[in-house]
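The values are calculated or read from the model by the stated rules, or taken from the named source; none is laboratory data. If you're wondering where the values come from, they're calculated on a predicted model, not measured in any experiment. Here the Cβ positions follow ideal geometry from the backbone for every residue, glycine too, while neighbour counts run over all protein chains shown.
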Amino acid sequence: MLKKTSIKSLFRITALTMAFLIFAVTGAQSYSLAAGAETLQRDQEAVNSTVESNSPEPTNNETPNIIEEAPNDETLNNDEETSLDDNFQNVNVGDLEIVADDNPTVSPMALPLVVWAGMGIGQLLGWLAGGTAAVVTIVKFGENVVRVADFAAELRKSKEKEKPKYFTIFKDKQQIYIRKPLTEREAISFLKKSPNNEIWAPEHNDARGIALKIAIEWVGGEVIGPENHFKKGTNDEKYYWHFHAKKGNTLRTGHIFYGVATQTGANPAR
């Protein structure tokens, strides 16, 4: 009996001891957590109190509760585009640095290619007709030329797109003879060089157009025509329609003939 009673007492004491230890540990942890929470709360209140005491109170002249919206993506994009536009608008041509090439090379396509420039009348006819020209040149005044009516017919049939518009000529009482083609600039220079120089153009508008350009270069100039002198001419001569560029009584170009229409002179030849 003594042994059983001693064992029970030992178990009871052990159980009480364990219970006390568990209670002591749990209570200490709870107390530590509660103390920590209370300390954190006091610190937070102290910080808030300090911030409030240092924050200026709004006066009557200030507007409280101003909400400043953060820019969205669209606003940022617009700002970037505006900045770029401003940069381009502020570029001045004078501010650009132009670096000259000491040895510039000109591409063959940089300048318009005038295939017929410098061609003689026979070569020009062959080019216009694709090598099968039906018109025969004749020798007049020591040069190969072609009658204007024959040349105009060949010119109309040609499928070439960049045909010449102006030509140097010879003229007798019955006929205009085509000598060689001219660019517009060459034709203007030729006409301005001498009042005795004459040219021919296939079209009315081209003849008038070159007369107008010379008249503009001669500030205050004017275009004369279209006109035909058949009323003052004799019946042994044919007269072609033409223009002149003129300025006062001092500047006047030679005849700028056009087309193939003619009028026989109205007066008997002597």
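Looking for something outside any helix (DSSP H, G or I) and under 35 Å from the mean Cα position of the chain (by Cα) - is there at least one such residue anywhere in the stretch 204-211? No: the stretch 204-211 contains no residue that is outside any helix (DSSP H, G or I) and under 35 Å from the mean Cα position of the chain (by Cα). Here the stretch 213-259 is the region considered, the condition is being of a type outside the set (D, E, K, R) and part of a helix (DSSP H, G or I), and the residue that is farthest from Ile188 (Cα to Cα) is Phe230. The criterion of being out of contact with any Gly (no Cβ under 7 Å at 6 or more places or on another chain) and modelled with pLDDT of 95 or more holds for Asn205.
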